[in-house]
Amino acid sequence: MTDAARALGAALLLAAMLTPAQAADPIRIGVIYPLSGNAASAGASAKDAVELGVELINNVHAELKGMPLSGSLGLPRLNSAKIELVSADHQGNPSVGQSQTLRLITQEKVVAMLGAYHSSVAVTATAVAERQGIPFLVADSVALNITGRGFKWIFRTGPIASDFAIAYTQFLSQMKQSGKKIDSVMIVNENTEYGTSVAGSIIETAKKAGLNIAGQIPYNANSADVSAQVLQLKDKRPDVVIFISYTSDTILYFKTMKSLDYMPPMIIGDDAGFSDPAFIPSVGELAQAVMNRSAWDIGKPGSNTHRINELFKAKTGRDLDDTSARWMQGFLVLCEAINRAGSTDPAKIQQALQRTDLRPEQLMIGYRGVRFDDTGQNVEAATYLTQLHGTEYKAVWPQQRATAPLKWPMTGWKN
């Protein structure tokens with residue numbers, strides 16, 4: 001070898017050593033939200049939360065002690081690969097959710113899916129993912145049949161209808177034992193998969209506990225007038241009304257109750273419209289001391305939840321709510337599984353999800369952990385009760401999680 005050849009070889013070796021390693025290809029995750037339609041504000045908030053989740057994964061956040069991947073840049077087991085979202089609007093329409101999921105999988109080549117808010121959309125979209133052999137993580141949709149169909153590629157991190165039914169029944173039984181008048185409970189529910197599933201679970205569980213369900217009022221989602229339903233409630237005079245409604249319906253109900261001068265002693269909202277960012281600005285003054293279910297709590301300054309909420313507030317100007325927090329938690333669980341799989345092979349991601357075993361201190365929401373059963377349901381999911389005090393929901397039940405005293409009866413617009 002000539003001196004010139006040796007010099008050239010040395011120069012090429014040095015150049016190779018000084019050239020940065022090629023960055024790993026981004027990992028594409030498909031997400032479907034309701035970005036238009038009656039739940040657009042909830043969809044936008046969920047999108048904000050998932051996008052913050054991407055920032056938490058793709059960058060180092062060592063201040064989030066104990067949370068998986070918080071101290072790393074990207075996914076360390078995939079050469080620090082970054083997450084890239086491919087988002088789509090399902091409009092609250094099951095057929096649109098179905099077609100968008102198929103497009104994201106077959107054309108955008110995503111390795112996993114996240115969605116979908118509306119249970120009716122989650123039912124059709126997850127069926128597509130199952131047929132295509134792509135993991136689909138359901139972050140917040142609650143209908144029982146999403147994870148009850150024998151599917152192997154579908155996973156849900158959040159609680160389900162039966163969890164809510166148990167929580168409401170335990171709470172109301174405790175209130176009755178403490179001397180509160182709870183002789184009759186009525187349920188008002190929108191009549192898609194979400195409302196029907198949750199209402200059915202509540203009725204079944206409440207009857208077993210000896211609570212009197214005095215009636216059920218199903219109604220068409222996106223109704224323009226709910227006067228007839230409110231007049232039914234006014235005639236029956238239940239001690240507690242449980243509403244299972246999306247955003248526009250929830251807001252309309254409170255405006256109609258005010259116009260008809262009807263307010264029951266207590267209303268419990270089943271998340272959904274009650275957690276939507278539009279709810280408090282629209283009718284918060286009419287709904288003082290209304291109750292709502294939630295697994296999210298901002299927590300004390302210095303806690304991981306408080307730090308994450310501060311990041312979200314800096315990004316959006318508002319606090320996380322239960323829905324957006326469940327979306328973020330679902331996304332973080334999915335990323336932890338992809339990293340643990342060490343691969344973008346959907347089958348390996350599926351296997352990693354099946355083996356997930358996260359503890360409460362590794363989460364940013366108040367679940368007991370994350371562990372999926374054979375149906376794909378997180379058996380450690382949990383939910384609690386909050387109450388609207390002023391412009392914020394405060395945790396009030398169970399007592400060990402309470403950050404504010406329970407007010408009974410609710411004051412509504414008469415506070």
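The values are calculated or read from the model by the stated rules, or taken from the named source; none is laboratory data. Keep in mind that this is a model prediction, so the values were computed, not measured. With ideal geometry, Cβ positions are generated from the backbone for all residues, glycine too; neighbour counts draw on all protein chains shown.
If the requirement is being modelled with pLDDT under 95 and β-branched (Val, Ile, Thr), which of these qualifies: Ile298, Ile267?
From the options Ile298, Ile267, the qualifying one is Ile298.
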| said: Can you pull out every residue in segment 239-266 that is in a loop (DSSP other than H, G, I, E, B) and either among the hydroxyl-bearing types (Ser, Thr, Tyr) or free of Cβ contacts under 8 Å to residues at least 24 places away in the same chain (or both)? | reply: Ser245, Tyr246, Asp261, Tyr262
| note | The correct count of residues that are surrounded by fewer than 18 Cβ atoms within 10 Å (Cβ to Cβ) and either assigned to a helix (DSSP H, G or I) or not assigned by TED's automatic domain parsing to the domain that holds Gly92 (or both) in segment 55-71 is 1
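Would you mind stating whether Gln170 is on the phi < 0 side of the Ramachandran plot, more than 19 Å from the chain's Cα centre (by Cα) and not in a strand (DSSP E or B)? So that I can check it myself, show each step before the final result.
Details: on the phi < 0 side of the Ramachandran plot: yes; more than 19 Å from the chain's Cα centre (by Cα): yes; not in a strand (DSSP E or B): yes.
Here the answer is yes, as Gln170 does meet what is asked.
Rundown of residues vs (1) surrounded by fewer than 21 Cβ atoms within 10 Å (Cβ to Cβ); (2) under 21 Å from Arg401 (Cα atoms), yes/no style:
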site: Phe136; (1), (2): no, no
site: Ile154; (1), (2): no, no
site: Ala165; (1), (2): no, yes
site: Lys181; (1), (2): yes, no
site: Val185; (1), (2): no, no
site: Gly195; (1), (2): no, no
site: Ile202; (1), (2): no, no
| query | Among the residues of segment 183-204, is there at least one that is modelled with pLDDT under 90, aliphatic (A, V, I, L, M) and closer than 22 Å to Trp327 by Cα? | reply | no
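Could you tell me whether segment 109-116 includes any residue that is in the same structural domain as Asn145 (by TED's automatic domain parsing), surrounded by fewer than 19 Cβ atoms within 10 Å (Cβ to Cβ) and touching a residue at least 40 places away in the same chain (Cβ under 8 Å)? Step through it out loud before you land on a result.
Within segment 109-116, the subset in the same structural domain as Asn145 (by TED's automatic domain parsing) is 109-116.
Next, only the ones that are surrounded by fewer than 19 Cβ atoms within 10 Å (Cβ to Cβ) stay: 109.
Still in the running and touching a residue at least 40 places away in the same chain (Cβ under 8 Å): 109.
Looking through segment 109-116, at least one residue is in the same structural domain as Asn145 (by TED's automatic domain parsing), surrounded by fewer than 19 Cβ atoms within 10 Å (Cβ to Cβ) and touching a residue at least 40 places away in the same chain (Cβ under 8 Å).
Taking the residues in segment 121-133 that are surrounded by fewer than 24 Cβ atoms within 10 Å (Cβ to Cβ) and out of contact with any Gly (no Cβ under 6 Å at 6 or more places or on another chain) as candidates, determine which candidate is nearest to Tyr33 (Cα to Cα). Can you show your working first?
Our first condition is that a residue be surrounded by fewer than 24 Cβ atoms within 10 Å (Cβ to Cβ); within segment 121-133, this holds for 123-124, 127-128, 130-133.
Applying the additional criterion that residues be out of contact with any Gly (no Cβ under 6 Å at 6 or more places or on another chain) yields 123, 127-128, 130-133.
Details: Val123: 14, Ala127: 17, Val128: 16, Glu130: 19, Arg131: 21, Gln132: 20, Gly133: 21 Å.
So the residue we want is Val123.
Quick check on this structure: which one of Thr192, Thr205, Thr250, Thr169 is within 19 Å of Gln288 (Cβ to Cβ) and among the polar types (S, T, N, Q)? Explain how you work it out, then say what you get.
Values: Thr192 fails: within 19 Å of Gln288 (Cβ to Cβ); Thr205 fails: within 19 Å of Gln288 (Cβ to Cβ); Thr169 fails: within 19 Å of Gln288 (Cβ to Cβ).
Selected residue: Thr250, the only one of Thr192, Thr205, Thr250, Thr169 that is within 19 Å of Gln288 (Cβ to Cβ) and among the polar types (S, T, N, Q).
Can you name the helices (runs of 4 or more DSSP H) wholly within segment 279-373 that have at least 2 residues being in contact with a Phe, Trp or Tyr (Cβ under 7 Å, 6 or more places away or on another chain)?
Working: elements: 279-283, 304-316, 322-341, 346-354.
Here the list reads 322-341, 346-354.
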